[in-house]
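Chemist: Take this structure first; my questions come after.
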Amino acid sequence: MAKSRGKIKARALFAPWCLMLSETVLAEPAQVSAFNNPLFLFLTVTLMFVMLVFGHRQFKRLTQNKKEANHIAQSYLKIINQYVITSKTDLEGNILDVSDAFCQISGFSKEELVNHSHAMVRHPNTPDETYQSLWQSISEGRDWQGEMCNQRKDGTSYWVYASITANYDMYGRKVGYIAVHQDITDHKMVVELSIRDALTGLYNRRHFNHYFEQHLQDCYENNRALSLIIFDIDNFKKYNDTYGHQKGDDVLKETAAVLQYCTGDETAACFRLGGEEFAIIIQQDETGAEELAERIRAEIEDLGIEHINNANYGVVTTSVGFYTYHTDEFSPPEPDELFRVADQSLYRAKESGRNQVCGADMAQSSIELF
């Protein structure tokens, strides 16, 4: 009896809930509106809330990531602007934009550079062939890379290794060029010091060997004459013994200055080979080489530097020998052989009384070279 009474009470307690469940969940779908279903509404609202919270968190995360990405990108751009030498031009080479690093190395402000040609920083000694090669490459759609000497606003020089490539818009049309430059001025200075004579500033013997071989081959390939002129200060050992090595150094520097003054041609290079011996390599025929050699000889004598032990002259003088190589004579021999012929001419000048110019006999020289 007790068990029966418990079952009756339990049924009475849960009867309303069973009735609600049977009327809602077990009812025919057509008779029940989902929107009037408290359970459905509860689940829907809960799901929407969860989705809203999740979506908000994702949005915040994406927004934060975007801000962080933008911050990193701006930091990189700032570094590039400050430390990378860049420029952007139109198709004609007129500057559209430059980095702060470009302004810093060139000495020009951005306002001075924009809407002007890149020629503003062109060094006057840069060969035209360099720019012709550059424009031919980029005009044909190829990248260009190479060393360039530029000029700052104050007139001083700086060297860059430039990489130039075409710039395209979003439709694939070429709209200009972008250049990235690397400052190699310090490197060029180190290289320059290694090939220069410390006393006179002329190229040294080491560079002479490389330069002579390179330009001999170049003249052979391009059918141009090349002359080697060798100078030797007469009785220089006696000068040092008489006036001292400090005065001797002054004579060497004066001689170097005359060589540089007389060879303004960019096709000529001056060298101190060692001691009191100098040389010039120049793209000239016999007539041009002899005229230059004679002019330098006369200029040095006209300096009037006292030299009491230089017999017959009483002042510092030089003896000069030269040889001109023609590409139609023979294929290029070894540079040492050409140097030997020019040196023989110098020896004849000294044997003939010094303070004079002597050229190699062309026919005899050709025989001696083989």
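The values are calculated or read from the model by the stated rules, or taken from the named source; none is laboratory data. Quick caveat, the model's predicted, so the values are computed rather than measured. Don't worry about glycine lacking a Cβ; one is built from the backbone with ideal geometry, like all the others, and counts go over all protein chains shown.
Chemist: Please count how many residues of region 249-292 are crowded, with 18+ Cβ neighbours inside 10 Å and assigned to a helix (DSSP H, G or I).
Modeler: Residues flagged as crowded, with 18+ Cβ neighbours inside 10 Å and assigned to a helix (DSSP H, G or I) within region 249-292 amount to 10.
Chemist: Could I ask something else about it? Which condition number does GLY146 fail, the rest of (1) of a type outside the set (S, T, N, Q); (2) surrounded by 14 or more Cβ atoms within 10 Å (Cβ to Cβ); (3) part of a strand (DSSP E or B) being met?
Modeler: Checking GLY146 against (1) of a type outside the set (S, T, N, Q); (2) surrounded by 14 or more Cβ atoms within 10 Å (Cβ to Cβ); (3) part of a strand (DSSP E or B), the one that fails is (2).
Chemist: Continuing with the same structure: Here are some conditions: (1) surrounded by fewer than 16 Cβ atoms within 10 Å (Cβ to Cβ); (2) at pLDDT below 95. GLY304 meets all but one. Which one does it not meet?
Modeler: (2)
Chemist: While we're on this one: With the structure loaded, tell me whether GLY155 is more than 30 Å from GLY359 (Cα to Cα), under 15 Å from the mean Cα position of the chain (by Cα) and not charged (D, E, K, R) or whether it fails that test.
Modeler: When the stated conditions are applied, GLY155 does not pass them.
Chemist: State all residues of region 191-206 that are out of contact with any Cys (no Cβ under 6 Å at 6 or more places or on another chain) and in contact (Cβ under 8 Å) with a residue 24 or more places away in the chain; if no residue qualifies, say none.
Modeler: Correct list: ASP197, LEU199, THR200, GLY201, TYR203, ASN204, ARG205.
Chemist: Looking at TYR313, TYR325, which one is over 22 Å from TYR203 (Cβ atoms), touching a residue at least 40 places away in the same chain (Cβ under 8 Å), of a type outside the set (Asp, Glu) and assigned by TED's automatic domain parsing to the domain that holds LEU202?
Modeler: Working: TYR325 fails: over 22 Å from TYR203 (Cβ atoms).
Every option except TYR313 fails the conditions.
Chemist: Follow-up. If you scan region 314-337, which residues turn out to be assigned to a loop (DSSP other than H, G, I, E, B) and either basic (Lys, Arg) or at pLDDT below 95 (or both)?
Modeler: Scanning region 314-337 gives HIS326, THR327, ASP328, GLU329, PHE330, SER331, PRO332, PRO333, GLU334.
Chemist: Could you grab me the full set of residues in region 92-104 that are crowded, with 16+ Cβ neighbours inside 10 Å and touching a His at 6+ places or on another chain (Cβ under 8 Å)?
Modeler: Residues satisfying the conditions are GLY93, ILE95, PHE102.
Chemist: Filter region 84-143 down to the residues that are assigned to a strand (DSSP E or B) and of a type in the set (D, E, K, R), then identify the one that is nearest to TYR158 (Cα to Cα). I'd like the intermediate steps shown before the answer.
Modeler: Our first condition is that a residue be assigned to a strand (DSSP E or B); within region 84-143, this holds for 85-89, 94-98, 117, 122.
With the extra rule that they be of a type in the set (D, E, K, R), the set shrinks to 88, 97, 122.
Working: LYS88: 20, ASP97: 20, ARG122: 10 Å.
Going through the qualifying residues, I end up with ARG122.
Chemist: Condition (residue is touching a strand residue (DSSP E or B) at 6+ places or on another chain (Cβ under 7 Å), more than 16 Å from HIS307 (Cα to Cα) and not small (Gly, Ala, Ser)) applied to region 237-253: is it met by at least one residue?
Modeler: Checking region 237-253: not a single residue is touching a strand residue (DSSP E or B) at 6+ places or on another chain (Cβ under 7 Å), more than 16 Å from HIS307 (Cα to Cα) and not small (Gly, Ala, Ser).
Chemist: Could you tell me whether region 192-199 includes any residue that is among the small types (Gly, Ala, Ser), out of contact with any His (no Cβ under 8 Å at 6 or more places or on another chain) and closer than 19 Å to LEU96 by Cα?
Modeler: no
Chemist: Can you tell me which residues in region 191-215 are within 23 Å of the chain's Cα centre (by Cα), outside any helix (DSSP H, G or I) and hydrophobic (A, V, I, L, M, F, W, C)?
Modeler: ILE195
Chemist: Name, by its number, the condition in (1) under 28 Å from ASP241 (Cα atoms); (2) crowded, with 16+ Cβ neighbours inside 10 Å that does not hold for ALA311.
Modeler: Only one criterion is unmet by ALA311, namely (2).
Chemist: Which members of region 159-190 meet the condition of being assigned to a strand (DSSP E or B), without any contact (Cβ under 8 Å) to a residue 40 or more places away in the chain and exposed (fewer than 14 other Cβ atoms within 10 Å of the Cβ)?
Modeler: Just the residues of region 159-190 that are assigned to a strand (DSSP E or B), to begin with: 159-168, 174-183.
Still in the running and without any contact (Cβ under 8 Å) to a residue 40 or more places away in the chain: 159, 161-166, 168.
The one that is assigned to a strand (DSSP E or B), without any contact (Cβ under 8 Å) to a residue 40 or more places away in the chain and exposed (fewer than 14 other Cβ atoms within 10 Å of the Cβ): TYR168.
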